[in-house]
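The next block holds one structure in the form of structure tokens; read it before the comments.
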Amino acid sequence: MMKIAINSLLVLLVATAAAWAIDEEAPATGTQLTLDDMRTFTDVFNQIRNNFVEETDDRELLNAAIRGMLSELDPHSSYMEAEEFRKMDNDSQGRYSGIGVELALRDRQMQVVFVIQDGPADQAGIVTGDVITAIDGADLRGSDQQLAINALRGEVGSEVEVTVQHVNGEVSTYTVTRGFVEVNSVFSRPVDRDYGYFQITHFTRKSAEELAEQIEYMQDNRKQPLKGIVLDLRGNPGGVLQPAIDIADGFLENGLIVEMHGRADYQAQHSAHAGSWLTGIPMVVLVDGRSASASEVLAGALQDHGRALIVGKKTFGKGSVQSVLNLRNGSGMRLTTSRYYTPSGRSIQAEGIQPDIEIPSVQAIEAQDSPRRKADLDRHLDGESNPDSEAFESAVSPFDDYAMYQALILLKGAAALSPSN
């Protein structure tokens with residue numbers, strides 16, 4: 001039955017090529033396909049099917065042909081079979097199907113370091129500190145961490161058997177029903193009393209909503225307004241574009257956010273609307289070489305409008321737009337359809353965003369015989385406190401996060417120079 005279906009498909013491909021060859025309204029291309037071109041494709045397909053050293057699966061062979069066709073276009077166009085396409089869709093919604101645990105490989109053991117409250121694992125009885133020793137009877141000793149994570153994920157409603165060793169040495173086996181697990185993309189905390197830190201790890205459809213909620217929460221739980229904020233996009237590979245546009249809109253009063261140019265006359269623009277978050281409050285955006293795609297769109301818009309100071313290292317330079325297209329058999333494809341341009345017309349592709357202030361990675365090395373400070377000497381005189389210098393003290397150590405330390409210094413300098421002070 002499978003071979004009949006594949007043969008029918010090949011006949012259809014040849015017939016399509018023949019139709020294109022005589023259709024005067026066929027889409028114009030650099031080189032029009034001919035009937036012989038499609039016959040060459042079917043010849044190759046049949047040669048592989050009949051003569052390759054190992055037997056091949058017709059469907060896998062066809063999928064490989066599709067993947068090859070897309071991968072030859074550029075590094076970002078790709079074909080996704082049905083299961084992979086569903087996973088991508090879940091990721092874009094900020095969720096995945098699994099049991100709700102975070103694993104870490106410690107001493108060659110797969111240890112549970114976090115359990116999502118009320119998730120499937122939590123409801124089954126798995127707790128932080130447990131070591132997962134087997135999944136569906138397969139021993140995990142010496143296994144790769146990603147393989148273990150993949151084994152725990154699966155279709156919503158499906159079951160997985162998880163064997164764990166508790167801290168007290170007892171071993172239990174749980175049958176856990178997989179479900180959707182929500183994954184946050186925005187994390188925040190107050191820094192040095194008067195400043196807010198907001199990190200976006202990747203862009204999901206919920207990222208703009210998450211950020212707005214956390215900004216509101218931080219403002220509502222303070223006696224004094226924030227004096228400045230740090231938006232951390234380091235290591236953010238991008239994701240869903242629209243939330244990045246919405247976040248730029250949140251920080252801007254008006255003006256162009258991003259422009260996209262594709263083939264022929266295709267062009268799309270997104271502009272900011274009146275009303276913004278944290279108006280007038282100084283802002284620093286941290287970026288690095290792993291900040292890509294939607295991260296670069298956001299950073300570029302805030303930089304071009306002078307809304308934020310971009311600090312760190314030059315970004316990755318992924319300025320192409322991928323459209324996600326559904327295919328009839330449940331699979332999907334990413335297809336590069338246009339390029340991003342910042343409000344000033346800069347192309348991000350292969351160029352990236354150049355920070356306003358470039359800060360290299362710094363590794364602190366403290367030698368054992370390093371010179372002692374005055375404060376280390378016996379019977380040293382105490383210094384008098386200086387209120388102006390105290391304003392620039394920080395709980396963030398330059399040895400732990402040098403870029404973040406410098407970002408806070410910049411924000412405090414802006415606050416000190418503010419007319420309201």
Could you give the length gained on full extension between ASP136 and GLN269, defined as 0.36 nm per residue of separation minus the Cα-Cα distance, in nm?
42.9 nm
Average projected area [Cα convex hull, region 157-201], square nanometres
6.0 nm²
Could you work out the Kirkwood radius for region 199-245, taking every pair of different alpha carbons, averaging 1/r and inverting it, reported in Å?
11.8 Å
log₁₀ of I(q)/I(0) at q = 0.14, 0.30 Å⁻¹ - region 263-310, Debye sum with one point per alpha carbon:
-0.46, -1.22
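Exposure proxy check: LYS314, LYS227 ranked by fewest other beta carbons within 10 Å?
Taking fewest neighbouring Cβ atoms as first place, the list is LYS314, LYS227.
Over 28 Å between Cα atoms, which of LYS223/LYS314; LYS223/LYS313; LYS87/LYS314; LYS87/LYS313; LYS87/LYS318 qualify?
On the way: LYS223/LYS314 37 Å; LYS223/LYS313 35 Å; LYS87/LYS314 31 Å; LYS87/LYS313 32 Å; LYS87/LYS318 23 Å.
Result: LYS223/LYS314; LYS223/LYS313; LYS87/LYS314; LYS87/LYS313 exceed 28 Å.
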Among LEU61, LEU278, LEU417, which comes first, then next, by fewest other beta-carbon atoms within 10 Å?
LEU417, LEU61, LEU278
Label-to-label distance, nm, for residues given as VAL156 and VAL171 (7 Å Cα→Cβ offset):
3.5 nm
Dividing the Cα radius of gyration by the Kirkwood radius, what Rg/Rh value follows for region 186-358?
0.99
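In what sequence, highest mean first, do 169-176, 396-403 appear when ranked by Cβ atoms within 10 angstrom? It would help to have the intermediate numbers written out before the result.
On the way: 169-176: 12.4, 396-403: 15.4.
In descending order of packing, they fall as 396-403, 169-176.
By how many nm would the segment from GLN354 to ASP57 lengthen if fully extended, with 0.36 nm per residue of separation less the alpha-carbon distance?
102.1 nm
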For region 210-308, diffusion coefficient by Stokes-Einstein and Kirkwood Rh (Cα), 10 °C, 1.306 mPa s, µm²/s:
110 µm²/s
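I'd like the antiparallel share, as a percent to the nearest 5, of DSSP beta bridges with both residues in region 186-358.
Values: 23 of 39 bridges.
So the antiparallel bridges in region 186-358 amount to around 60 percent.
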Dipole of region 186-358, Cα-centred, from +1 at each Lys and Arg C-beta and -1 at each Asp and Glu C-beta, to the nearest 20 debye?
480 debye
Residue-ordered couplings for region 317-324, obtained by feeding phi - 60° into the Karplus form 6.51 cos²θ - 1.76 cosθ + 1.60 and rounding to whole Hz (Gly and Pro as x), are x, 9, x, 10, 9, 9, 8, 9
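Extension gain ASP220-SER276, at 0.36 nm per residue separation less the Cα-Cα distance, in nm?
On the way: separation 56, 0.36 × 56 = 20.16 nm, distance 1.65 nm.
Contour length minus Cα-Cα distance gives 18.5 nm.
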Compute the orientation-averaged projected area for region 241-285 from the convex hull of its Cα atoms and round it to one decimal in nm².
3.8 nm²
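Give me the compactness ratio for region 67-221, meaning the Cα radius of gyration over 2.2 N^0.38 Å.
Numbers: Rg = 18.7 Å, N = 155, 2.2 N^0.38 = 15.0 Å.
Normalised Rg, Cα atoms only: 1.25.
Short version: what are the Cα gyration tensor semi-axes of region 96-182, square root of 5 times each eigenvalue, largest first, in whole Å? Let's see the in-between values first.
Values: eigenvalues 65, 38, 29 Å².
Calculated on Cα positions only, the semi-axes equal 18, 14, 12 Å.
Packing-wise, with mean Cβ within 10 Å as the measure, how do 305-312, 67-74, 242-249 rank, highest first? Intermediate results must be reported in sequence, preceding the final value.
Working: 305-312: 20.0, 67-74: 12.4, 242-249: 23.1.
Top to bottom by mean Cβ count within 10 Å: 242-249, 305-312, 67-74.
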Of the GluC sites (Glu not before Pro) in region 237-306, which ones lie in a loop per DSSP and count no more than 13 other C-beta atoms within 10 Å?
GLU253
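Values in this text are rule-based calculations from the coordinates and carry no lab data. Note that this is a predicted model, so its numbers are computed, not measured. Glycine also receives a Cβ, built like all others from the backbone with ideal geometry; neighbour counts cover every protein chain displayed.
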